[in-house]
Amino acid sequence: MASVPLTAGDPVRVGRYRLLARLGQGGMGRVYLARSPGGRAVAVKVVREALLRDEGFRRRFVREVAAARRVTGFFTAAVVDADPEGDPAWLATEYVPGLSLQDAVARHGVWPGDAVRGLGAALAEALAAVHAADLVHRDLKPSNVLLAPDGPRVIDFGISAAVGDTALTQTGTVIGTPGFIPPEQLRHEASGPAGDVFALGAVLAYAAAGVGPFGAGASHAVNYRVVHEDPDLRALPPALADVVARCLAKEPAQRPTVAWLLDELGESETPAPDGDVTTAGWLPGPVAESAARLRAGTPTEPLPRPGDATTRTAPAPAPAPPRARHRRLRTVLATATALAVTATAVVLWRVTAENKEPGRPPHLEQLWTHTLADGQRLSVSSQDTLYLEHEKDHRITALDVTDGSRRWDRRVRVDDVSQDTGHLKSVGNDIRITGVSGGLLFYGSNDHLYAVDADDGDHRWRYVDHTFHPSPVVVGDAAYADMVSFFYVLDTRTGDKLWDYGFGVNADGSNIAVTDDALLVHSKKKLIAVDLRTRKQKWTHQAASEAETGLVVADGKVYFGTLDGALYAVDARSGEEEWRRTFEGELWDGRLGEGAGMPRVADGTVYFENDAYVSAFDADTGSQRWRRKQEADEVTSLEVVDDTLLVDASDGGLTALDTGSGETGWRESLGGGDETDVRVIGDVVVTGTDGRLTAYRAAT
């Protein structure tokens, strides 16, 4: 793990450990390289203050640290010290100066069969130690395997359970990473040590092929293949493929034990060095060299902090990989103007990079083009403005949607900001726009959330948010920002905190909505309403399945979709269920989730899609008006423009349906890859590809 200098906000010591550098940060908090009084290098994880406000997390953390300290094994990064009840809470683990398996494969390519078998034997031994302590890892994946010259180390055992019980992990029904989650966990069945064996098989396939055995793509698509399809092991040598296939059996009882894996994978003799494999027997040469360089570069004294005279010679942070792009839009809608917001909501989908110079499609009239600067990207949109961010240049540019003219261009204020480097996060100097609402544009920079005037870019205020950069929902003079188990309210004029509220449970903050008198948020099956006047819980609604989509508020009702494929309409004032409509496509499996898309409400009709089936329901009664199956396997998003419903599909097709009948008016093929963003704002379609934005007006 690469290290970078401490910042002014970092402590000098944690417990008895002197901090030397930042290693990064993850869901639980910041991670530091430190040394004990005796000179031992350790990784110290300091838990986020926001998590410690959740008493349930605090109790789980204490319990999991106690269990993790019992784990002893050659191939685990052992917990050596901890103060789980301290303020702040922290734990220290063995420091592993090596690449993660994820980074190693990305940098140096796939591994030969014998190296994979050696890796598998070591990981099986690590799991044996974890299971002997009555723990289940639950999140074994390439980024949780660190590769040191003296062998791999499995990290985050035991602690993953505590973190996974919070909403800081990716919102959903299971803990883990798609492609490495065992099928029984996706089916919401009991998952034990056999689930770790499944993940081990997927990790070995990744090392040998460079991709997981169930492919890549949208989470729900990968999850579907895990449950219903055979793994792709064609790139693996036959003997290794047989072992991995056993690990990936759909039923836990059919998988081998860790003891069997130790015997099977440990039997082959390690080859002599031949340029591809080191004398360690299991570690490919280029990976061993990278690990050795990391070990040699481990600092023994604190790295210079920013502002020191020696800062110019400090190591630069590792570059961040491209930000993950989400196929499913989860828009937060607020209030008194909910219908107006809905009518201009932004929709995101993909087109292929091969369509670099598209001709004019007959139903898309070109309006303008704009060349992006190197490093500049389209970030968020409002009803009439596109906002471009340049993370490293700290610059935000606002373009007019209709003609592409520049409304304003500003170099904005920054702190050191967090960049995603795979397993953890390291300090850099970037900005990240989080959203636009109520005339304010929000962006994050390290420990602060910044607000600027969306119309002219003038700085308004900043607020210390401890790197949790929310996308506040603005209603009147208040901005509502979620922090997992609670939300806080800021004065939009000053940035001062007005008040906060703890839910008492972990909530899905990406899906909050604000009405004229309540804040609505989902916590799994429960929809919670908090009265904004009394600052107390107003009502709760219990659904039959966990929420899958964002909340849409219109005409006194709140609409949302759930994992079992149902669409709900709930009275926003009382929490009473107005109606519920189940909706199952031919291959829809509600246990896998992410098949339902954000509802759209316009002119008394609710438009809802599920597994490429698009339906229109009467907003008052829930009666179905029409239903249409799309050509693609998945619909990504819906947008209503006048009498037209624009339907984006996973194959890159954009279809115009008549809102009254559901009949197809036209369909344009925009490709189906992941290289280009396309956004619909009203009837304007904006595509970004090959460093250029192009805007079209869609026929409606």
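The values are calculated or read from the model by the stated rules, or taken from the named source; none is laboratory data. In this text, all values refer to a predicted model and were calculated from it rather than measured experimentally. Positions of Cβ are generated from backbone atoms using ideal geometry, with glycine treated the same way; all protein chains shown enter the neighbour counts.
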Inset, instruction - Identify all residues within the stretch 458-470 that are surrounded by 20 or more Cβ atoms within 10 Å (Cβ to Cβ) and modelled with pLDDT of 90 or more; write none if there are none. - result: Tyr463
Inset, instruction - Output the strands (runs of 3 or more DSSP E) that fall wholly within the stretch 583-700 and possess 1 or more residues being at pLDDT 90 or above and either more than 30 Å from Asp374 (Cβ to Cβ) or not small (Gly, Ala, Ser) (or both), or say none. - result: 600-602, 605-610, 613-618, 624-629, 635-641, 644-649, 653-658, 664-669, 692-698
Legend entry - Search result, residues across the stretch 483-500 that are in a loop (DSSP other than H, G, I, E, B) and without any contact (Cβ under 8 Å) to a residue 60 or more places away in the chain: Thr492, Arg493, Thr494, Gly495, Asp496
Legend entry - Conditions (1) surrounded by fewer than 18 Cβ atoms within 10 Å (Cβ to Cβ); (2) within 21 Å of Ala132 (Cβ to Cβ); (3) touching a strand residue (DSSP E or B) at 6+ places or on another chain (Cβ under 7 Å); number of the one not met by Pro88: (2)
Legend entry - Pro193 vs. criteria in the same structural domain as Val136 (by TED's automatic domain parsing), crowded, with 22+ Cβ neighbours inside 10 Å and modelled with pLDDT of 80 or more: no
Inset, instruction - Can you work out which of the residues in the stretch 351-373 that are modelled with pLDDT of 90 or more and either part of a loop (DSSP other than H, G, I, E, B) or under 28 Å from the mean Cα position of the chain (by Cα) (or both) is surrounded by the most Cβ atoms within 10 Å (Cβ to Cβ)? - result: Leu372
Inset, instruction - Kindly indicate whether any position in the stretch 101-112 is in contact with a strand residue (DSSP E or B) (Cβ under 8 Å, 6 or more places away or on another chain), outside any helix (DSSP H, G or I) and at pLDDT 75 or above. - result: yes
Inset, instruction - Return the total of residues in the stretch 68-85 being more than 23 Å from Tyr32 (Cβ to Cβ) and of a type in the set (A, V, I, L, M). - result: 0
Legend entry - the stretch 47-64, residues that are buried (at least 21 other Cβ atoms within 10 Å of the Cβ) and touching a strand residue (DSSP E or B) at 6+ places or on another chain (Cβ under 9 Å): Val47, Arg48, Leu51, Asp54, Phe57, Phe61
Legend entry - helices (runs of 4 or more DSSP H) lying entirely in the stretch 219-304 (those with 2 or more residues that are modelled with pLDDT of 85 or more, farther than 17 Å from Phe180 by Cβ and out of contact with any strand residue (DSSP E or B) (no Cβ under 6 Å at 6 or more places or on another chain)): 238-247, 258-265
Inset, instruction - For the stretch 115-129, indicate whether the set of residues that are assigned to a helix (DSSP H, G or I), in the same structural domain as Glu94 (by TED's automatic domain parsing), modelled with pLDDT under 90 and not hydrophobic (A, V, I, L, M, F, W, C) is non-empty. - result: no
Inset, instruction - Determine if the stretch 525-548 includes at least one residue that is of a type in the set (Ser, Thr, Tyr), touching a Phe, Trp or Tyr at 6+ places or on another chain (Cβ under 8 Å) and over 20 Å from Thr434 (Cβ atoms). - result: no
Legend entry - Subset of the stretch 113-145 [of a type in the set (Val, Ile, Thr) and within 26 Å of the chain's Cα centre (by Cα)]: Val136, Val145
